[in-house]
Amino acid sequence: MNAAAFRAAVLCALAAAPVSAEVALGDGGKLKVYGDMRLRVESDWDSMQSNGSDREDRDRLRSRLRLGFSYDYDAIFSFGGRARTGAAADQQSPHQTFGDEFETKGLNVDKAYVRGEYGAGWTWAGKNGFPFWTQNELFWDEDATPEGFSAGYAFPRTLGVALKPVVGTFVLEGSGSNNRFKDKANLTAAQVTAEGSLPAADLTAAAGLFAFKDNALTVDTALADLDYNIWVFNAKAGVKGLPKPLSAGLDWMHNARRYSPALYNRDQKDGFVASLLYGGLKAKGDWLAGYYFARIEKYAVVARF
């Protein structure tokens with residue numbers, strides 16, 4: 001085996017699934033500490049940068065460390081937080097690349113929230129995970145944790161269908177500007193998810209509107225001085241009776257906002273994702289194989305999230 005082949009074999013051996021753990025500590029298990037660690041190898045060939053130019057082929061080693069906790073204050077209220085590696089200005093990636101001359105790696109807070117639950121309703125305020133139902137990260141990256149307020153409710157199953165509405169409003173803009181909250185760049189969203197079951201499959205469907213409002217008084221790199229009104233429709237079918245879970249999914253995104261004729265590619269406002277997955281990742285020893293096909297136009301999503 002030559003040196004290149006040996007290196008490739010070692011890199012493949014390192015590209016293992018992440019290791020995670022959750023521990024309930026004293027006080028009746030009210031405090032839960034959790035975390036995960038990942039080592040992975042990335043081979044990035046024939047890809048493009050965000051501006052559309054070609055990227056040179058690259059191989060790199062990367063790691064991710066996340067540590068968090070949650071505490072049940074009483075039967076209604078809880079609070080929690082999480083820290084992760086990764087650049088503080090990069091909300092999409094908690095990964096650190098090996099090779100910075102042995103420099104130490106920093107931790108950043110990506111969750112800090114208070115949550116309340118009463119009956120079938122819930123609400124949280126602070127910085128937390130994306131509260132809306134998704135089946136992939138091609139509309140919203142799960143590493144981007146929004147900051148604001150969200151609430152939801154689970155209605156009792158009627159005629160075999162359970163409805164779960166969720167609403168939220170989130171601040172995008174920092175505190176440096178002098179305008180009031182109502183003028184700041186923000187995201188306001190609402191989604192309804194329906195869950196049902198047939199003899200051969202479990203079904204999930206969702207419809208939501210995600211309205212991003214820019215603040216013209218500030219330089220906003222996320223929204224690029226644009227407003228977005230993005231409709232997102234999702235459907236997923238999980239086949240029953242197989243040795244491992246099999247599911248097929250479809251997502252469609254449409255930005256209903258009208259833009260100036262002077263905006264380049266102003267009509268690129270639609271996107272769709274089709275997926276097929278077999279297996280799962282819920283227990284030790286599980287494996288998952290999947291295929292995604294996506295065509296997402298420039299203004300069908302907010303690329304930074």
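About its Cα centre, the dipole of the stretch 165-305 is roughly 180 debye, where the only charges are +1 on Lys and Arg Cβ and -1 on Asp and Glu Cβ.
One chain, two ends: N179 and S53. Fully extended at 0.36 nm per residue, the span grows by 41.6 nm beyond their Cα-Cα distance. Each other residue within a Cβ distance under 15 Å of T134 adds +1 if Lys or Arg and -1 if Asp or Glu, for a net charge of -4. For the chain, what % of the accessible area comes from carbon and sulfur atoms, probe 1.4 Å? Answer for the chain is 60 percent, counting heavy atoms of protein chains only.
Can you compute the label reach from A21? Point 7 Å from Cα along the Cβ direction, backbone N cut-off under 18 Å, restricted to the stretch 52-77. Those under the cut-off are 64-70.
Find me the longest stretch of the chain that has none of the exposed GluC sites (Glu not before Pro), where exposed means in a DSSP loop (not H, G, I, E or B) with at most 16 other Cβ atoms within 10 Å.
Details: sites that count: E56, E101, E103, E137, E142, E297.
Here the longest run is 143-296.
Given +1 at the Cβ of Lys and Arg, -1 at the Cβ of Asp and Glu and no other charges, the dipole of the chain around its Cα centre is 620 debye to the nearest 20. Length, then width, then depth: along the principal axes, the Cα atoms of the chain run 61, 56, 43 Å. Computed from point charges on the beta carbon alone (+1 for Lys and Arg, -1 for Asp and Glu), the dipole magnitude for the stretch 98-220 about its Cα centre is near 740 Debye.
Across the options A125, G106, G68, the greatest Cα extent toward the positive end of the charge dipole of the stretch 64-157 (unit charges at beta carbon of Lys, Arg, Asp, Glu) belongs to A125.
The values are calculated or read from the model by the stated rules, or taken from the named source; none is laboratory data. What you see is a predicted model; the values in this text were computed from it and never measured. Methodologically, a virtual Cβ is constructed for each residue, glycine included, from the backbone with ideal geometry; neighbour enumeration extends over all protein chains shown. The accessibility values were calculated without ligands, DNA or RNA, using every heavy atom of the protein model including side chains. Shrake-Rupley method; radii C 1.70, N 1.55, O 1.52, S 1.80 Å.
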